[in-house]
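Report on the following structure.
Bear in mind that the values in this text are calculations on the coordinates, not laboratory data. It should be emphasised that the depicted structure is a prediction, and the values quoted were computed from it without experimental measurement. A quick note on method: Cβ atoms are made from the backbone with ideal geometry, for glycine too, and the neighbour counts reach across all protein chains shown.
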Amino acid sequence: MEKKGWIYHYGKVHITDLETGKVEEWESAERYFKVVGETIIIYRPSTGTKTVLPTRRYKVVFVKEERGCHITKVVCYALGLPDNCHQLNELRRFRDEFLNKEGYSSEVEEYYTNARYYAKKIEERAKFEPNIYKFLYERYIEPAVRQIEQNNFREAYRILKEYLNFVKDM
């Protein structure tokens, strides 16, 4: 599936029938959404199913769930560092000084919206690959932090995008 133009969401979804007022809650899952003309297309990759709803009759609401940061978990688990360590503070600076100011705020929002899902994927992988946290830190986080320290934000962005793609594909 071509993902361009689709909105990614992992979490619960409320579908409201505007004629009857009935609200249907869909369980947490990975889904893509797209509005085409007067229809909402919902694609669920795990099952390969597509649902098409007319926009005049249905309203879709994304339910935000508790947020977290899987990069924090990687750094804290890999190195035993606290939440306010230099590495995490540099990543926060990158988020605040580059991502949020240079038009990447929607990617930041997607990151936090799906953080619990990604953290769970890493935790599951760690059950049979105990060094995954160390690997993720050494392969992605540490090099990105070095780039941020040098204010090379575009390269840090590239590395962290690669990290996120790796985690998504786990």
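Cut-off is 10 Å between beta-carbons; in what order do PHE33, PHE166, PHE94 appear when sorted fewest neighbours first?
Fewest-to-most ranking of PHE33, PHE166, PHE94: PHE166, PHE33, PHE94.
Straight-line reach from LYS59: which aspartates and glutamates have Cα under 18 Å away, leaving out those fewer than 8 places along the same chain?
Those aspartates and glutamates meeting the cut-off are ASP17, GLU19, GLU24, GLU25, GLU27, GLU38.
Which whole-number value in Å³ per residue fits the convex hull of the alpha carbons of segment 70-168?
Spread over its residues, the Cα hull of segment 70-168 gives 85 Å³ apiece.
Taking 8 Å as the Cα distance limit and 6 or more residues as the minimum spacing, I'd like the relative contact order of the chain as a percentage.
18
Below 14 Å Cα-Cα, how many Lys pairs turn up in segment 70-168? Only count pairs eight or more apart in sequence, or on different chains, if you could.
For segment 70-168, the number of qualifying lysine pairs is 5.
Rounded, prolate or oblate: which one fits segment 7-62, using the alpha carbon gyration tensor with axes a ≥ b ≥ c (rounded when a/c is under 1.5, else prolate when a/b beats b/c, else oblate)?
The shape class here is oblate.
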